[in-house]
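Please read through the structure below; I'll follow up with questions.
The values are calculated or read from the model by the stated rules, or taken from the named source; none is laboratory data. Nothing here was measured: the structure is a model prediction, and the numbers come from that model. When we count neighbours, we look across all protein chains shown, and the Cβ atoms used for this are built from the backbone with ideal geometry, even at glycine.
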Amino acid sequence: MTRVFNFGAGPAVLPEAVLQQAAAEMLDWRGSGMSVMEMSHRGKEFMSIIAQAEADLRELMAVPANYKVLFMQGGAIGENAIIPLNLLGKNPKADYIDTGSWSGKSIKEASRYGDVHVAASSCRPEAKQGKYTTIPAVADWRVRKDAAYLHICGNETIDGVEYLQWPDMDALGLKGVPLFVDVSSHILSRPMDVSQFGLMYGGAQKNIGPAGLAVVIIREDLLEQAQAGCPSAFHYKTVAENGSMYNTPPTYSIYIAGLVFQWLKAQGGVAAMEAKNRAKAALLYDALDASGFYVNHVARECRSLMNVPFFLRDESLNDAFLEGAKARGFLQLKGHKSVGGMRASIYNAMSLEGVQALVGYLKEFEKSHG
Ligand code: PMP
């Protein structure tokens with residue numbers, strides 16, 4: 001068996017120990033005589049799986065007691081609609097910060113359900129490479145004080161722009177506006193103070209587990225603002241009151257997520273992950289910056305620890321670079337089609353050895369083509 005180094009942005013690499021455990025438990029989950037896929041979601045076996053998964057996620061993220069953890073479907077793109085449907089029933093105003101492709105999508109979708117205002121944008125439409133390379137200075141954000149929420153994308157998976165410091169809503173005079181964050185591509189990568197947010201959400205297929213599951217962490221007092229037309233299966237209050245079992249949840253994805261949470265705890269939790277992730281990212285960015293052959297355009301203070309987009313200065317070498325990478329077992333390095341170039345996603349489950357091997361290849365390719 002040969003495992004590749006998978007630098008894909010998602011669905012992404014999972015910890016090998018998790019895959020092995022899932023394989024060992026595939027036909028008979030702990031004496032039940034069934035695969036988790038075959039279990040009733042309301043049976044005692046699966047109820048214990050989802051309860052443990054929630055407890056472990058709460059422990060890992062230190063989720064305060066006045067927050068609900070919801071396991072949902074529809075991915076983060078689904079949540080782009082589900083959030084306004086749930087929050088803009090009483091007050092239609094929602095403000096968004098535009099820092100990349102994913103916040104752009106969130107803005108477009110939310111505009112179908114409410115009065116959406118872009119309070120700041122770092123888009124440089126004229127740029128050939130790197131349309132988004134910064135986070136607009138917080139002092140320049142024009143957030144409406146009576147907005148129902150302010151939405152940010154914590155880590156722009158495509159553009160490689162991450163909030164390494166969260167906006168201080170109190171200092172902005174926005175104490176009454178809950179901050180909502182899309183954490184799809186960096187949840188559990190480092191400690192995050194849940195109490196700073198009204199709502200956190202993300203698709204699972206990067207740092208949590210298989211696609212099909214979306215996680216929502218929402219402050220309880222925000223559960224009463226849904227629009228009348230909000231579908232029941234996506235109505236946060238209904239989902240919360242039914243313990244994420246109003247409809248049949250994505251049981252197998254939740255099971256694997258639970259194994260990933262256990263793995264994270266065994267690694268020392270999110271603080272330990274942060275140390276590893278910072279070391280991996282530093283290694284890769286340092287190699288790119290030192291080269292003169294490759295370039296990353298993102299401002300240093302917001303360079304993503306998870307997704308590292310880069311360009312070859314001579315783009316005619318792109319195909320040769322990717323072919324050589326593939327031959328060495330480095331897969332999924334091609335940048336998103338909307339931005340071009342390359343991208344290495346280095347989520348929790350990507351080992352330091354994987355990044356070291358990639359840096360070795362970057363140097364080798366530069367030597368032979370530079
Ligand atoms: N937000 C971010 C930050 C993402 O990275 C992604 C997926 N790459 C999405 C939203 C959309 O997720 P999904 O395809 O699961 O709906």
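Name the residue, out of Met47, Met72, that is within 18 Å of the chain's Cα centre (by Cα), assigned by TED's automatic domain parsing to the domain that holds Gly209 and hydrophobic (A, V, I, L, M, F, W, C).
Numbers: Met47 fails: within 18 Å of the chain's Cα centre (by Cα).
Matching residue, one of Met47, Met72: Met72.
Restricting attention to segment 267-284, does a residue exist that is buried (at least 19 other Cβ atoms within 10 Å of the Cβ), under 17 Å from Gly130 (Cα atoms) and touching a residue at least 60 places away in the same chain (Cβ under 8 Å)?
Within segment 267-284, not a single residue is buried (at least 19 other Cβ atoms within 10 Å of the Cβ), under 17 Å from Gly130 (Cα atoms) and touching a residue at least 60 places away in the same chain (Cβ under 8 Å).
This table checks each residue for (1) under 16 Å from Ile97 (Cα atoms); (2) in contact with a Leu (Cβ under 6 Å, 6 or more places away or on another chain); (3) part of a loop (DSSP other than H, G, I, E, B).
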site	(1), (2), (3)
Leu164	yes, no, yes
Met169	yes, yes, yes
Gly173	no, no, yes
Phe180	yes, yes, no
Ile187	no, no, yes
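Kindly provide the set of residues from segment 191-225 that are of a type in the set (S, T, N, Q) and either surrounded by 22 or more Cβ atoms within 10 Å (Cβ to Cβ) or within 12 Å of the ligand (Cβ to nearest atom) (or both), ordered by number.
The answer is Gln205, Asn207.
What number of residues in segment 11-36 are out of contact with any Ser or Thr (no Cβ under 7 Å at 6 or more places or on another chain) and more than 16 Å from the ligand (Cβ to nearest atom)?
Adding up the residues that qualify gives 18.
Out of (1) within 28 Å of Thr99 (Cβ to Cβ); (2) in contact (Cβ under 8 Å) with a residue 12 or more places away in the chain, what's the single condition that is false for Gly229?
Unmet condition: (1).
Still on this structure, please answer the following. For Ala327, state whether it is closer than 29 Å to Leu188 by Cβ and either of a type in the set (A, V, I, L, M) or at pLDDT below 95 (or both).
No; evaluated as a whole, the condition is false for this residue.
Taking Ala147, is it assigned to a loop (DSSP other than H, G, I, E, B), away from the ligand (no atom under 16 Å from the Cβ), assigned by TED's automatic domain parsing to the domain that holds Lys90 and among the small types (Gly, Ala, Ser)?
Against the criterion (assigned to a loop (DSSP other than H, G, I, E, B), away from the ligand (no atom under 16 Å from the Cβ), assigned by TED's automatic domain parsing to the domain that holds Lys90 and among the small types (Gly, Ala, Ser)), Ala147 qualifies.
Let me confirm something: among Ala228, Ala171, which residue is assigned by TED's automatic domain parsing to the domain that holds Ala257, surrounded by fewer than 21 Cβ atoms within 10 Å (Cβ to Cβ), away from the ligand (no atom under 16 Å from the Cβ) and modelled with pLDDT under 95? Walk me through how you get there before you give the answer.
Working: Ala228 fails: modelled with pLDDT under 95.
Going through Ala228, Ala171 in turn, the sole match is Ala171.
Another question, then. Tell me the residue from Gly8, Gly89 that is assigned to a loop (DSSP other than H, G, I, E, B), within 15 Å of the ligand (Cβ to nearest atom) and at pLDDT 95 or above, please.
From the options Gly8, Gly89, the qualifying one is Gly8.
Can I ask one more? Considering only residues that are more than 30 Å from Ala271 (Cβ to Cβ) and either of a type in the set (S, T, N, Q) or surrounded by 18 or more Cβ atoms within 10 Å (Cβ to Cβ) (or both), look in segment 42-73 and name the one that is nearest to the ligand (Cβ to nearest atom).
Gln73
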